[in-house]
1. When only Cα pairs under 8 Å and 6 or more residues apart are kept, what is the percent relative contact order across the chain?
2. Give the order of Y171, Y162 when sorted by the count of other beta carbons within 10 angstrom, beginning with the fewest.
3. Would you work out which of F130, N119, L175 lies farthest towards the positive end of the dipole of the chain, given +1 charges on the beta-carbon of Lys and Arg and -1 on that of Asp and Glu, about the Cα centre?
4. In what order do R115, R137 fall by count of nearby beta-carbon atoms within 10 Å, going from fewest to most?
5. Helix-only estimate, please: 222 nm mean residue ellipticity of the chain, summing -39500 (n - 2.57) across DSSP H runs of length 4 or more and dividing by its residues, to the nearest 500.
6. Quick one: dipole size for the chain, taken about the Cα centre, charges +1 on Lys/Arg Cβ and -1 on Asp/Glu Cβ, in debye to the nearest 20.
7. Just to be sure I follow the rule: in segment 123-177, considering lysines 8 or more places apart or on different chains, how many pairs have Cα atoms under 22 Å apart?
8. With +1 assigned to the C-beta of every Lys and Arg and -1 to the C-beta of every Asp and Glu, and no other charges, what is the dipole magnitude of segment 1-70 about the Cα centre in debye, to the nearest 20?
Amino acid sequence: MQHFEITKKLVDEDEIKTIVKRLGAEISAGYGSLENELIVIGLLRGSFVFMADLIREIKIPLVVDFMTVSSYGDGTVSSGDVKIVMDVDLSVEGRDVLLVEDIVDTGRTFAKVVRMMKNRKPKSVKTCTFLNKPSARISDVQVDFCGKDIDDEFVVGYGLDYGQSYRNLPYVGVLKP
Ligand code: 5GP
């Protein structure tokens with residue numbers, strides 16, 4: 001097992017709490033009176049820690065589903081090859097959908113998932129990410145609710161991994177290259 005040092009803490013526990021609270025409030029206010037519960041879909045695996053905190057800060061009725069999308073393998077550079085590994089169970093037709101990512105980097109993953117969701121004729125599709133790297137963007141994708149913009153560095157913790165490790169760090173940090 002190879003473990004590297006964290007060179008800097010980028011988002012600490014207190015800032016994470018503040019960000020998640022703000023996002024929950026923005027999302028709650030961003031939907032008027034809903035006909036049906038909001039469907040909140042987390043992209044696995046990275047988003048699961050953020051999702052667990054976020055849904056408890058959303059004050060409107062919701063249901064949760066997950067999908068697994070793979071694009072990175074075990075490395076630190078996006079392959080650009082986005083695959084749907086596990087789809088959602090719920091039908092999204094006529095429903096309000098909120099897609100939740102841990103981090104938007106090139107934007108390819110979110111762009112593909114948004115396109116796929118829109119083909120299923122939902123009432124609306126919005127996007128939320130905990131972290132965002134605007135300078136790494138290749139695919140144009142609208143981020144409706146954004147936690148924090150960061151520089152183009154590889155980060156781990158708070159659900160984000162390197163080779164499946166580091167997801168349990170309670171903060172977001174940068175790995176020593
Ligand atoms: P994109 O398709 O936007 O290039 O990449 C999105 C996915 O790549 C994220 O859901 C995440 O799994 C992974 N990713 C992008 N940047 C980082 C990063 O800095 N750290 C980690 N751990 N994963 C990242």
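Read-outs: derived from the displayed coordinates by stated rules, not from any lab. Remember, predicted model here, so these are calculated numbers, not experimental data. Neighbour counts run over all protein chains shown; Cβ positions are idealised from the backbone, glycine included.
1. After rounding, I find 26 percent.
2. In increasing order of surrounding Cβ atoms, one gets Y171, Y162.
3. Result: N119.
4. Placing the least packed residue first, the sequence is R115, R137.
5. On the way: 3 runs with 37 residues, N = 177.
Calculated at 222 nm, the ellipticity per residue is -6500 deg cm²/dmol.
6. 320
7. Numbers: K126/K148; K133/K148; K133/K176; K148/K176.
Final tally of qualifying lysine pairs is 4.
8. Dipole about the Cα centre, nearest 20: 80 debye.
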